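What follows is a set of notes on a single structure, which appears directly below.
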Amino acid sequence: MTSERRARGWGLGVIAAGVAAIVALAAWQPWRTAPTVDAATSTSGIPAVELLSIPADADVLVFGDSWTYGAAATVPTDGYAYQLGRLTGWDVTVDGVRGSGYMKPGFDGPDFRTRATWLDPAADYDLIIIQGSINDRLQGERGYREAVDATWNVFAGLYPRAQIVIFGPTPHQFPIDEGTARIDRDLQKAAADRHWWYISSLQEQWITPANYLDVIDVGAGKRHPSDEGHAYLAEKLLEALQERSASTDAGGVPIEDESAPADR
C-alpha cells in the first residue's frame, strides 16, 4: 500500500554523458574512501548501530528528492519508493520533491529542513528513510553539516519513536562528481555520530559504468532511473534494510540479486 505526498511542477535536467567516457572512467572510484558502519563492530571507534526492527505492517516514510518522487518512471508511482511498498506490504508514504536538497530548494518545493517542518506531526512512523541528495553537490561544503543536522533534528523531534535510516546520494553520471563523493562521506559521518544506519549506494557500487545504461535513463529521463532502474533500486534498498535488520527477512520478502539488470 502506498500513499503519496509530492508537489507538481516542471524541472530542467542535464545533458546525458557519453558512453565512451563512462567506460573509460570505470576505474575512477572516489567514493571508495570511507568504511561502512557494521552492526557488531565499528572501524572508527564509534559505538555499533542497533539493528533495525521493522514490523511486517510497518508504517514507513520515504523522504527525498526527484529519485524519491519517481522521476523518469513511466508514471511517478512506479518510482523506487512506491515499489518498496509493493515489495514489502508496508504502508509507505512518499515525499519527494524534484531538485530539493539539504541546502538547495527544489523545483516543486523548498529545501529538506523546511519540508520536514511541514510533515504531519500526528504520524507514527516505524521507519523513516531520508534519501539524497546529489542536488547539493554544487552548493559547497560550508554550512552543509549544519543544514543536515538542522534537518535531522526536525525528524528526530517530530518522530522520536521512528527508526531513521539515511540513504545517501546515488550516482547519476560518471565520473562521480567530487561534490557527490563528499556528500556521501559527510552524510555517513553525520549518521554515525547519531548511531543511525547509513546506506551508501556509491560505496556498495549499486550503479557502475558496467550497468549504468541498464539503470539510468540518459535520454528523456535526464539521468534519472528508468522503470527498470527504479525496480532495481527498490530491490537493492530492501536488501540493504534486510542486512541491517534483526531479521534477515525484513518486510517478509527475501531479496536475491538475480533480478539486477544485466551488465552491458
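The values are calculated or read from the model by the stated rules, or taken from the named source; none is laboratory data. If you're wondering where the values come from, they're calculated on a predicted model, not measured in any experiment. Neighbour counts are summed over all protein chains in view; Cβ atoms, including those assigned to glycine, are modelled from backbone coordinates with ideal geometry. Note: accessible area is taken over every heavy atom of the protein model, side chains too, but ligands, DNA and RNA are not part of it. Shrake-Rupley method; radii C 1.70, N 1.55, O 1.52, S 1.80 Å.
Approximating the spin labels as points 7 Å out from Cα along Cα→Cβ, the HIS195-to-ASP214 distance works out to 4.0 nm. Full extension of the chain between ASP57 and ARG145 gives 28.3 nm of extra length, using 0.36 nm per residue less the Cα-Cα distance.
Shape summary of the stretch 66-207, radius of gyration then Dmax from alpha carbon positions: 14.4, 43 Å. For the stretch 87-167, what % of the accessible area comes from carbon and sulfur atoms, probe 1.4 Å? Roughly 51 percent of what the probe reaches on the stretch 87-167 is carbon or sulfur.
Here the contact order of the stretch 60-162, divided by its residue count and restricted to Cα pairs under 8 Å and six or more residues apart, works out to 30 percent.
Rolling a 1.4 Å probe over the protein heavy atoms gives the stretch 133-189 an accessible area of 38 Å² per residue.
Per-residue surface analysis assigns LEU138 an accessible area of about 130 Å², computed on protein heavy atoms at 1.4 Å probe radius.
Loop-resident trypsin sites (Lys or Arg not before Pro) (DSSP state other than H, G, I, E or B) in the stretch 119-160 with no more than 14 further Cβ atoms inside 10 Å of their Cβ: ARG142.
Each Lys and Arg contributes +1 and each Asp and Glu -1, all at the Cβ; summed about the Cα centre of the stretch 98-157, the dipole is approximately 300 debye.
Ranked by the mean number of other Cβ atoms within 10 Å of their residues, highest first, the peptides 96-103, 76-83 come out as 96-103, 76-83. The smallest convex shape that holds all Cα atoms of the stretch 47-88, its convex hull, gives 97 Å³ per residue.
For SER245, SER53, the ranking by accessible surface with the largest value first comes to SER53, SER245, using a 1.4 Å probe.
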